[in-house]
């Protein structure tokens, strides 16, 4: 009732989405019916303009078993400003395709890591990023390969001046075809490369413009949603963008503040970016329970409650993956409980949703580092042993981009690049085994990020020398496990004792130390950002946010535990051996949080 009163439109749209209800034309009011007729007319125009179908002479028409059908999908779509808009989509019944099982279906999509790198480089170079949506993208792709026939909707047949039930040949990758997304990707990728852009090896949905080996522009796309980044004063880049705009039909290109794949991206005056999802989480509804049901904590959930758990936790999980890593651990742990869930799981899920709603305005920061500041990639890798219902362990990985002086003990700004909270894919027999597995996973993520950033900055990256490209970028692994740290700092790692498998896995990180100059650092548990991605209600990421997305790699030659440090009155990020002046600077950071500039508090 409260949700309906606060936002009646959003309440009903959310209900429609949850129930996956399509609009029934027969139940529409006269005004709504007319609005959907106009939406249909607009969709028909897209098909005609794209020449999606080709009429066939009677002698060339196939038999009925070779023809697939077509239908309308009518829905209400909510725009970014909250306004409702009727949407009509004509789709082919792809499941009727005689070649359905032989069609290629794997389509690449832009990764979150690519988005973060693109925005980071835009901020660092003081470029402009613009966002554009391709209208009816699949219909604007290349000619559909092979032969496929269909019976179009009556509205399309009339627009083509064809008789009722006349069969046509499919000429474009229409919606509903299983390989339509891949055909569209092949089309746009081919065109961008014709213009001189180079496809990234690390992410095939990212393209670089590097005339004479110098990076002057980037394009990244998620199906029909694209980001364009380049210098607004670069005339050649602007000409290239105009060619792309002219080649396809787009909605208006946006800049400064826009929504890209559900994330609000806002450019700040200093060139940095803030990422948030203020509207998204408000549309997720709590799981309804009667008072009697709510009080029965230990009662197993029924099928409907399990379905609701997956829905709500899935929504929070996506929010955590996009902009809110502080919810990642708890949602991951709750998802692992769904199969054997109880009412207590439902109550905890509702509480988590309430927390997410209370923090809906949380913003992730993409810093605008000076172009002259040397940067490196740092990964905090941690694990919590056997903290899942089935006895499994959780690994938390946080990857950030920061100045090289971070490794010297300075408090520095950090731009989040990637993060994850997930179940370790094997049984960890000890805490050390879980920590080792997390470090290996973190090193793997770090290696890929170093390669991607190295490829972005290199004039001509050599794919046959992956280590060479990777080694252009400084990389560091941070662990709070003394066992793992000691093993990685031995000259040779001997596989012996009860954890032979763990030692063999650590050889991956050992190899990275030797071949990729990866540095390994130890910090106490409360200075470990990855800790907040292994368990709920931890403070590390909260402190990171309050410090304006800044942190420190605490150096301690005595390797004192967090508990020991607290007993000696040493603050979380205070460096062992700090001068009185630097200790005061750190105190201001940890207590006042009033200044987000670099304190210069270094080792």
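A short reminder: the numbers here are calculations on the coordinates, not readings from a lab. Note that the structure is a prediction, hence the values are computed from the model and not measured. Every residue, glycine as well, gets a Cβ built from its backbone with ideal geometry; the counts of neighbours run over all protein chains shown.
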Burial ranking of peptide ranges 140-149, 436-445 (average Cβ count within 10 Å, highest at the top): 436-445, 140-149
Whole-Å semi-axes of the stretch 284-343's equivalent ellipsoid (Cα gyration tensor): 23, 12, 10
Computed helical MRE - 222 nm, the chain, DSSP H runs ≥ 4 contributing -39500 (n - 2.57), nearest 500: -11000 deg cm²/dmol
Determine the distance separating the Cα centre of the stretch 181-257 from the Cα centre of the stretch 430-447; give it in Å without decimals. 36
For q = 0.17, 0.26, 0.32 Å⁻¹, what log10 I(q)/I(0) does the stretch 112-151 give under the Debye formula with an equal point scatterer on each alpha carbon and no solvent? -0.68, -0.93, -1.06
Please report the spacing between the Cα centers of the stretch 297-359 and the stretch 468-491 in Å, no decimals. 34
Kindly identify the stretch 367-554 as rounded, prolate or oblate by the Cα gyration tensor criterion: order the square roots of the eigenvalues as a ≥ b ≥ c, call it rounded if a/c is under 1.5, otherwise compare a/b with b/c, prolate if a/b is larger, else oblate. oblate
Could you tell me the convex hull volume per residue, in Å³, taken over the Cα atoms of the stretch 14-273? 162
7 Å from Cα along Cα→Cβ at both residue 372 and residue 546: what's the point-to-point distance in nm? 3.5
Based on the alpha-carbon set only, what is the convex hull volume of the stretch 224-335 divided per residue, in Å³? 157
If R0 is 41 Å, what FRET efficiency do you get for residue 246 and residue 511 from their C-beta distance, rounded to 0.05? 0.25
Among 111-122, 37-48, the order from most to least packed when residues are scored by Cβ within 10 Å on average: 111-122, 37-48
Given a Förster distance of 22 angstrom, what is the FRET efficiency for residue 49 paired with residue 77, based on the Cβ-Cβ distance and rounded to 0.05? 0.55
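Among rounded, prolate and oblate, which fits the stretch 338-379 when a ≥ b ≥ c are the square roots of the eigenvalues of its C-alpha gyration tensor, a/c under 1.5 means rounded, and a/b larger than b/c means prolate? Write down the numbers at each step before the final one.
Values: a/c = 8.49, a/b = 2.54, b/c = 3.34.
Cα axes put the stretch 338-379 in the oblate bin.
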Which of the three applies to the stretch 74-149, rounded, prolate or oblate, going by the alpha-carbon gyration tensor with a ≥ b ≥ c and a/c under 1.5 meaning rounded? oblate
So residue 257 and residue 567, fully extended at 0.36 nm per residue minus their Cα-Cα distance, gain in nm 106.9 nm
Just to be sure I understand the model, the point goes 7 Å from the Cα along the line to the Cβ. What's the resulting residue 126 to residue 33 distance in nm? 6.0
Calculate I(q)/I(0) for the stretch 121-261 by the Debye formula, one identical point scatterer on each C-alpha and no solvent, and give its log10 at q = 0.09, 0.19, 0.22 Å⁻¹ to two decimals. -0.35, -1.12, -1.40
Could you calculate the contour length gain from residue 559 to residue 199, that is, 0.36 nm times the residue separation minus the distance between their Cα atoms, to one decimal place in nm? 125.1 nm
Extension gain from residue 104 to residue 234, taking 0.36 nm per residue of separation minus the Cα-Cα distance: 42.9 nm
In terms of the ratio Rg/(2.2 N^0.38 Å) built on C-alpha atoms, what value belongs to the chain? 1.08
Across 5 Å bins from 0, what is the distribution of all Cα-Cα pair distances for the stretch 134-189, in whole percents? 4, 20, 26, 22, 17, 9, 3, 0
